[in-house]
Amino acid sequence: DTGVSQDPRHKITKRGQNVTFRCDPISEHNRLYWYRQTLGQGPEFLTYFQNEAQLEKSRLLSDRFSAERPKGSFSTLEIQRTEQGDSAMYLCASSIHVNTEAFFGQGTRLTVV
Amino acid sequence: AQSVTQLDSHVSVSEGTPVLLRCNYSSSYSPSLFWYVQHPNKGLQLLLKYTSAATLVKGINGFEAEFKKSETSFHLTKPSAHMSDAAEYFCVVSDETGRRALTFGSGTRLQVQP
């Protein structure tokens, strides 16, 4: 399968714990995006990378959130000291360059209890 | 700044009748526009895209969209709805500079009645 891969698919964690999600984009895709989607809402932009450079971060991305894309390949999204409000589907997408369509992974569903 | 407004949160049609899902956009630059579909418990799938070529864009599963710059609209249509079209549809905008990430609309839930 050469699509966008996200791991894990589901994560249940206790409030206050740290979690880390991984995204493997389609090979040779320069752009990588992270979005968050809650029930009944459209995906909300969190951050994106052009190769290894993080070009934009949403105001939704509080200090507890950090994303990396070392070497411009896979990316990780870490949430520290999780809160119940962090419960959502976290979506990763990649595109080959600007203004081309983005391909989305299946997402990681986070539940904070 | 760029933004997308999907004018209807829910649309219900009968099987075999036309579908119209409305989208208006705002962009400081010439935009690229996309429609994505999300079936329950499935990932987002691209239906079609407009990137400054033909204004009438054909996508998968019989869907079409027309870019109208004067109306800043990019409505999604299909001549005849099928039960399998029931899903959530998102209109998405990206500006030509590429300095902004994709911006999603709030979505339109399409119901198809038998």
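Listing for the model above:
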| read-out | value |
| --- | --- |
| Threshold 30 Å², region A:75-113 residues less accessible with all protein chains present than alone (1.4 Å probe) | A:N99, A:E101, A:A102, A:F104, A:Q106 |
| Dipole of chain A, positive direction: furthest Cα of A:L61, A:Q17, A:T38, with charges on the beta-carbon | A:Q17 |
| Loss of accessible area when B meets A, both sides summed, Å² nearest 100, probe 1.4 Å | 1600 Å² |
| At R0 = 41 Å, FRET efficiency that the Cβ-Cβ distance of A:E68 and B:H39 yields, to 0.05 | 0.85 |
| Where the Cα pairs of the protein assembly as shown fall when distances are cut into 10 Å bins, in % | 8, 33, 35, 19, 5, 0 |
| Two-site FRET efficiency, B:T55 against A:L39, from Cβ-Cβ distance with R₀ of 30 Å, rounded to 0.05 | 0.30 |
| Between region B:29-48 and region B:1-27, the alpha-carbon center distance in angstrom | 12 Å |
| Two-site label geometry, B:L7 and A:R15: point separation in nm, points 7 Å out along Cα→Cβ | 4.3 nm |
| Stretch gain in nm, segment A:S58-A:E28, where the contour uses 0.36 nm per residue and the Cα spacing is subtracted | 8.3 nm |
| Separation in nanometres of the label points that stand 7 Å from Cα toward Cβ, at B:T77 and B:S28 | 3.3 nm |
| Whole-number D in µm² s⁻¹ for chain A, Kirkwood Cα-pair radius fed into Stokes-Einstein, 25 °C, 0.890 mPa s | 176 µm²/s |
| Value of Rg/Rh across chain B [Cα atoms, Kirkwood radius] | 0.96 |
| Pairs of alpha carbons in region B:7-50 whose separation is greater than 14 Å (percent) | 66 percent |
| Net dipole in debye of chain B [+1 Lys, Arg Cβ; -1 Asp, Glu Cβ; about Cα centre; nearest 20] | 200 debye |
| Region A:28-61: trypsin sites (Lys or Arg not before Pro) in DSSP loop, at most 13 other beta carbons within 10 Å | A:R59 |
| Loop trypsin sites (Lys or Arg not before Pro), region B:41-114 (other Cβ atoms within 10 Å of the site Cβ: 15 or fewer; DSSP) | B:K42, B:K69, B:R99 |
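The values are calculated or read from the model by the stated rules, or taken from the named source; none is laboratory data. The structure presented is a predicted model; accordingly, all values stated were derived computationally and were not measured. Note that we place each Cβ from the backbone using ideal geometry, even for glycine, and neighbour counts take in every protein chain shown. Areas reflect the complete protein model, heavy atoms only, side chains present, ligands, DNA and RNA absent. Shrake-Rupley method; radii C 1.70, N 1.55, O 1.52, S 1.80 Å.
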